[in-house]
Every structure is written in structure tokens, then in C-alpha cells.
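J.: Structure provided below as C-alpha cells; questions to follow.
Only the coordinates and a few stated rules stand behind these numbers; no lab work does. Computed from a predicted structure; not experimentally measured. All Cβ positions, even for glycine, are placed from backbone atoms using ideal geometry, and neighbour counts span all protein chains on display.
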Amino acid sequence: MPVALLLTLTACGDDASDDAGDAAASSSEAADFPVTLTADNGEVTLEEQPEAIVSMSPSATEMLFAVGAGDQVEAVDSNSNFPEGVPTTDLSSFTPNAEAIVGYSPDLVVLSDDIGGIVDALEGLDVPVLLLGAAEDLDDTYAQMELLGEATGHAEQAAEAVADVQDRIDAAVASVTADVSGQRVYHELDPGLYSADSSTFIGSIYTLFGLENIADGAPDPSGGYPQLSAEYVVEQAPDIIVLADTKCCGESAQTVAARPAFGTVPAVVDGRIVEADDDVVSRWGPRVADFAESVAGVLQG
């Protein structure tokens, strides 16, 4: 048999095998439905595997793509910008409009907030909704990823994605020496000096490293996100500063060093300032592993 013909037949055979495998996987995913899940809006039953998902939460968007459901995402809100190429629209997660969302013919909508009664409005239009509020700790992140995996027919991929995030965070924590425990950290949300204490999702990452969060001693806790004064931050003498206002507000190690009296702060003196990506350190999706690795990097240095 001519070599060219043999290669052609072999290639065709491989394609047929791949097609059969894809069909089997699709059949297996479809067999998982109907499925009943428990979200913040109660029990939700999905009769069939969703094929047109609208995500109104940047964190949920990142989770959906991480668990392998990216091809099922029809549209995302205007703040969802990761991973590259997500179908971003002008849908607003701050002023959600049921009619605008339904315009994308979704068979599943994922939300992080029930603003203006949007959940009832969508359910009244017979659109299944999963309300997944902001995570309070890493376990919440893992649970939401697994739930979205079940909701979209990708339970196994979700489990793998969760394991990957867990492994990366564990490795980041293990990469620093024990003497970092007790070092003081200041997390800056904006130039107004709003911060996040240990009771928040953000703060829980610092707790993993044994760091002391200066926001914990703020006179007004404000639900875990106190506004600190410049005098308070300088007095607390943080060893590490993490800036979560680099993209929104142009803050940097240089702008912090230029603030009155900040030149004496150990983090400034020793150059231990993390110029973080605002999105990465503010979302509770899979990129929390990136956040942990960036903290580990400055602790190692």
C-alpha cells in the first residue's frame, strides 16, 4: 500500500477515534442531568446541560472557564475580563437588567449578588439562576468551583482544577521559611487606605502564611474592610505592603514611598511592596493561587 494512502487512512482512523471519544464524553456529560444543586438562592434543578450561560460575576466567569465550561458561556458582564477572549458585553453586574440578560437566551445565569431582585426577575422568566455570593474563605472558592463543574457537566474537570489551585497554594506556603510568621502585612484596596482584615477572603490568604494583618486592630472594623489612617499604617510599621490599587488608581512602590512619613515603614525601606493586579487579588476565583504565589515571592525575597 502506498505510504501516502496508509498515512491518510491512519489519519482518518485517528479522527474517527477522536470523534467517537468526544461523542462518548458528551453523552456522559448529558447523562449527569437533570441535576439539583444548592446555591445561595436555594435548590436549583437543571434539567439539561446548559449550552448558553450568562455570567454576571467576574469570579464566576473565571471559574467557569477553569472547570472547562468556557465553550458554554454565551455572554459575561462588563467587568469580566479574564481569561483572554471571554465574550464580554455591556451587561452591568451593578445594575443588572433581566430583559437585557434574557436577550442572550440563557439556559443558566450565574450571579454573585441579588441586586434589585434580579434573581426573582430571572426566575419569573423561567431562567435558571445560580447565586454564588462572595467567598469568605478558600473552602468557599473550592465549593463554588465544584458546584459550577456539576452545573455545567464538568465535575471531573472541576475537581482537577480545585486540586491544582490547592496544590499551588500549598506549594507557595511551603516555599517560605518559618521565620516569616508574625511579620506584619498591610493590604491596600484603594488610595483612601481601605484595607481587608483577617475575617475576609483576602485576609485568609495572609493567615495561611502566618502573617499579622495590621487591619485587625483597626478601631472601626467596618465589616472586615476598615478605612485606616496614614498615621495608623505608619505606626503599625508593616513589613510587607500589598497594593491592590495599581490598575484602578496608579499606585506603586514609588507613590507609596513618596507619602509623608512612609519612608520609615519597614516594607518601604526593605523594598517589600507587592504591586498586585487589582483583579487577581480582589476575586475569589482560581487565580487566588496567583495571589498566594505573589505573596510567597516577596516573602522569599
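J.: Among 48-60, 164-176, 266-278, how do they line up by average Cβ neighbours within 10 Å per residue, starting with the highest? Could you put the intermediate results ahead of the total?
T.: Details: 48-60: 23.5, 164-176: 15.6, 266-278: 17.9.
Listed from highest to lowest mean packing, they are 48-60, 266-278, 164-176.
J.: I'd like the orientation of helix 3-31 relative to the chain: the angle between its Cα long axis and the longest Cα principal axis, in ° from 0 to 90, rounded to 10.
T.: Helix 3-31 sits roughly 70 degrees off the main axis of the chain.
J.: Can you tell me which of 111-117, 69-75 comes out highest on packing, and rank the rest after it, using the mean Cβ neighbours within 10 Å?
T.: Values: 111-117: 17.1, 69-75: 19.3.
Peptide ranking by packing, descending: 69-75, 111-117.
J.: With 10 angstrom as the radius, rank 64, 243 by how many other C-beta atoms surround their C-beta, starting from the fewest. Present the calculation step by step, with values, prior to reporting the outcome.
T.: On the way: 64 31, 243 25.
Taking fewest neighbouring Cβ atoms as first place, the list is 243, 64.
J.: When 207, 88 are ordered from fewest to most other Cβ atoms inside 10 Å of their Cβ, what list results?
T.: Lowest count first: 207, 88.
J.: Taking only DSSP H segments of four or more residues, each worth -39500 (n - 2.57), what value at 222 nm results for the chain once the sum is divided by all its residues, to the nearest 500 deg cm²/dmol? Could you put the intermediate results ahead of the total?
T.: Numbers: 13 runs with 131 residues, N = 301.
Per the formula, -13000 deg cm²/dmol.
J.: Which semi-axes, in whole Å and largest first, does the equivalent ellipsoid of the chain have when worked out from the alpha carbon gyration tensor as the square roots of 5 times its eigenvalues?
T.: Details: eigenvalues 339, 129, 57 Å².
Over the Cα atoms of the chain, the semi-axes work out to 41, 25, 17 Å.
J.: Report the full-extension gain for the segment residue 230 to residue 181: residue separation times 0.36 nm, less the Cα-Cα distance, to one decimal in nm.
T.: Numbers: separation 49, 0.36 × 49 = 17.64 nm, distance 2.45 nm.
Full extension from residue 230 to residue 181 adds 15.2 nm.
J.: Got a sec? How would 259, 287 order by Cβ neighbour count within 10 Å, fewest to most?
T.: Details: 259 16, 287 21.
Exposure proxy ranking, most exposed first: 259, 287.
J.: Could you tell me what fraction of 2.2 N^0.38 Å the Cα radius of gyration of region 168-300 comes to, as a two-decimal ratio?
T.: Values: Rg = 13.4 Å, N = 133, 2.2 N^0.38 = 14.1 Å.
It is 0.95.
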